[in-house]
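Asker: Have a look at this one.
Only the coordinates and a few stated rules stand behind these numbers; no lab work does. Because the structure is predicted, anything quoted here is derived from the model rather than measured. All Cβ positions, even for glycine, are placed from backbone atoms using ideal geometry, and neighbour counts span all protein chains on display.
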Amino acid sequence: MGIYREFANFYDFLMKDAPYEQWLKVLDKAIEEKPLRIADIGCGTGTLCMKLAANGHQIWGIDISDEMLTIAEEKRLQLSLPIRRRVNYLLEDMTQLQLPEPMDICYSFCDSMNYLPSIADLDVTFNKIYNNLKPGGLFIFDLLALAKMEHQLHDLKNFEVADDVICIWHNHFDKQLSELHYDVTLMTKEQKNKYLRHDEYHIQKGYTIEDVRGLLNKNGFEISMEFADFNLEKNIEEATDRYFWVVKKVSP
């Protein structure tokens, strides 16, 4: 079973209630001027990329899923020509990130960093992002909190229905490995009363606040802000739902 293959075709439907405007507000706090060169690490179908391009920024969307980027490109082609020209997509693994030029800002939202399977992968990714930023550039990212994985998402069952698709998923949290496992089943309608089944299996890794701080420091980042749950005034704590960091590349 692959990841974000058939699922990519229904990603926007399943993310219809995602807090995109709140993620944009987080970015707005860091963006003091424009246009900037910005990279979206784990861009999915490009929703945030297009919103930022509409605000005048030059955007590079990075994703490991060819299927997700195919949909992102279809959406890009529907934009007006001036905005379309400001959006670029690259098929890359974030652990091997190589951007065409140094960025003013790199960001990664919607649990993308939780898909890195080990602390070694998180370490390598932080290093790659650092090397792809301009001196003084910012890296802004979120992580799904361990407490939410264990206490809110464990053994959670979800069921989504649309005219031509049924999506069922069941979560299981492995406390020993600090991993949240998702079994996802998509039933896509082929003809009347006939559905085709697709299965995917997703794993998200949970990281402690101290592990993240340690790796940021190791890779040369200076922490500018830490906060929780989209609230700049909320202190980062293990019991929150989502961690946020704004960190700066400090030149040696």
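Asker: Dimensions of the stretch 155-252 along principal axes (Cα, Å, largest first)?
Answerer: The Cα atoms of the stretch 155-252 stretch 62, 29, 28 Å along the principal axes, largest first.
Asker: Taking only DSSP H segments of four or more residues, each worth -39500 (n - 2.57), what value at 222 nm results for the chain once the sum is divided by all its residues, to the nearest 500 deg cm²/dmol?
Answerer: Result for the chain, helices only: -6500 deg cm²/dmol.
Asker: What ranking do Met15, Met68 get, fewest neighbouring Cβ atoms within 10 angstrom at the top?
Answerer: Details: Met15 14, Met68 25.
With the fewest neighbours first, Met15, Met68 line up as Met15, Met68.
Asker: Can you say what percent of the DSSP beta bridges in the chain, counting only those with both residues inside, are antiparallel? Round to 5. Before the final figure, lay out each step's value.
Answerer: Working: 42 of 60 bridges.
Antiparallel bridges: around 70 percent, rounded to the nearest 5.
Asker: Residue by residue through the stretch 205-214, what is 3J(HN,Hα) from phi via Karplus (6.51 cos²θ - 1.76 cosθ + 1.60, θ = phi - 60°)? Round to whole Hz and write x for glycine and proline.
Answerer: 9, x, 10, 7, 4, 5, 4, 5, 4, x
Asker: Pairs Lys29/Lys218; Lys16/Lys134; Lys16/Lys205; Lys157/Lys205: which exceed 30 Å Cα-Cα?
Answerer: Distance filter (> 30 Å) returns Lys16/Lys134.
Asker: Let me ask something additional. Give me the base-10 log of I(q)/I(0) for the stretch 1-119 at each q in 0.14 Å⁻¹, Debye formula, one uniform scatterer per Cα, rounded to two decimals.
Answerer: Log-scaled intensity ratios, in q order: -0.56.
Asker: Oh, and also: Give me His181, His57 sorted ascending by neighbouring Cβ count inside 10 Å, so fewest comes first. Don't skip to the end; give the middle numbers.
Answerer: Numbers: His181 15, His57 20.
Least to most surrounded, the residues fall as His181, His57.
Asker: Could you please tell me the mean projected area of the C-alpha convex hull for the stretch 148-205, averaged over all directions and given in square nanometres to one decimal?
Answerer: Numbers: hull surface 16.5 nm².
Here the figure is 4.1 nm², rounded to one decimal.
Asker: Add +1 for every Lys or Arg and -1 for every Asp or Glu among the other residues with Cβ under 11 Å from the Cβ of Asp229, and state the total. Present the calculation step by step, with values, prior to reporting the outcome.
Answerer: On the way: positive: Lys148, Lys234, Arg242; negative: Asp142, Glu233, Glu237, Asp241.
The answer is -1.
Asker: Under 10 Å, Cα contacts only: if you run a Gaussian network model on the chain, which one of Val212, Val161, Val26 comes out with the highest mean-square fluctuation?
Answerer: Val161
Asker: Another one. Summing Lys, Arg as +1 and Asp, Glu as -1, what charge do residues with Cβ under 12 Å from the Cβ of Thr240 carry, Thr240 excluded?
Answerer: Values: positive: Lys148, Lys234, Arg242; negative: Asp142, Glu226, Asp229, Glu237, Glu238, Asp241.
Combined, the nearby Lys, Arg, Asp and Glu give -3.
Asker: Mind checking which aspartates and glutamates have their Cα closer than 15 Å to the Cα of Lys194? Skip sequence neighbours fewer than 8 apart in that chain.
Answerer: Asp163, Asp164
Asker: Right, something else. P(r) for the chain: what percent of alpha-carbon pairs falls in each 5 Å bin, starting at zero?
Answerer: Going from the shortest bin to the longest, the percentages are 1, 6, 13, 17, 19, 18, 13, 8, 4, 1, 0, 0, 0.
Asker: Leu77: net charge of surrounding residues, Cβ under 13 Å, Lys/Arg +1, Asp/Glu -1, itself excluded?
Answerer: Working: positive: Lys75, Arg76, Arg84, Arg85; negative: Glu73, Glu74.
That sum, taken over residues with Cβ under 13 Å, equals +2.
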